[in-house]
Amino acid sequence: TERARYRLRITTLWDDVDEELMPMVQIASSDGEFVGDGSSGTYRVTASIMSREADPWCGCESYEDILFKASPSRKEAKLQFSSPTLVEGPGGALPFPDPLLVFQCYLTNWTEFSNLPLDGAREALDSIEVVDFRISPEGHIVERGRKILGFVGWCCFRLKGRHPESVIRAFNVLADYSFYCGSGLMTDMGMGQTRRLR
């Protein structure tokens, strides 16, 4: 029988990732297999890829790296939503990349987990618009077989109007940060996997 293939994606914003995470990945790769919990059986590790050059979904940066590298001049960001994505609005979950809801999600995560202030972020959120998109609906199965409908595809966002560098940089920080925090609801269950397309 043909075995199912799974992909485990690990990204991190730890500064000491080499000390903590890499030894675990190397052990799993060298041993070749590890046992899941109870009924889930045994899994064989066939490959571990740790560089973004080899796979665009790999990544390891610090919050400081993201802040330092963010462009002070780019006013567009094309984001790819690779797993079903739902954003939360005042009326409930929405299967569409509403710019305020998408970027508010990134800012909420940045504020909660980073100790770095993001000057100009609030002004940036009030000025983001969608300029192009190609999305389609796709379901995602969560606990007990329940299916949730989200969207997958890409969306191009633009910061409209004239802004100081701090606002443009905040927009780019949040767009770049989406790679690590994901978009919308239930990212811990595989939803909202996001990356910026260059």
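Which of rounded, prolate, oblate describes the stretch 50-198, given a ≥ b ≥ c as roots of the alpha-carbon gyration tensor eigenvalues and a/c under 1.5 marking rounded, otherwise prolate only if a/b is larger than b/c? Cα axes put the stretch 50-198 in the prolate bin. Using heavy atoms of the protein chains and a probe of 1.4 Å, the accessible area assigned to Arg195 is about 50 Å². Only lysines eight or more places from Lys78 in sequence, or on another chain, were considered; those with a Cα closer than 19 Å are Lys69, Lys160. Between Phe133 and Cys156, the distance separating the two model label sites (each 7 Å from Cα on the Cα→Cβ line) works out to 1.5 nm.
Kindly report, to the nearest 10 Å², the accessible surface of Val102 as traced by a 1.4 Å probe over protein heavy atoms only. Surface open to solvent at Val102 totals about 0 Å². Taking 19 Å as the cut-off, the amide N atoms of the stretch 91-128 that come nearer than this to a point 7 Å along the Cα-to-beta-carbon line of Ser62 belong to 110-119. The heavy atoms of Arg158 present about 90 square angstrom of accessible area, all protein chains included, probe 1.4 Å.
Shown in residue order for the stretch 117-134 are the 3J(HN,Hα) couplings computed by the Karplus curve 6.51 cos²θ - 1.76 cosθ + 1.60 at θ = phi - 60°: x, 10, 4, x, 5, 5, 5, 4, 4, 6, 10, 8, 10, 8, 10, 6, 6, 9 Hz (x for Gly and Pro).
Database remark: amide H of Ser83 closer than 5 angstrom to the amide H of Gly192, Gln193 (H placed geometrically; neighbours at sequence offset of 5 or more, or on other chains; Pro and chain starts carry no H). Karplus-based coupling profile of the stretch 163-180, in residue order and whole Hz: 9, x, 4, 4, 6, 5, 5, 4, 4, 6, 4, 5, 5, 5, 5, 4, 4, 8, with θ = phi - 60° in 6.51 cos²θ - 1.76 cosθ + 1.60 and x standing for Gly or Pro.
The values are calculated or read from the model by the stated rules, or taken from the named source; none is laboratory data. All figures in this text were calculated on a predicted structure; none of them were measured in a lab. Methodologically, a virtual Cβ is constructed for each residue, glycine included, from the backbone with ideal geometry; neighbour enumeration extends over all protein chains shown. Side chains included, ligands, DNA and RNA excluded: accessible areas come from the protein's heavy atoms. Shrake-Rupley method; radii C 1.70, N 1.55, O 1.52, S 1.80 Å.
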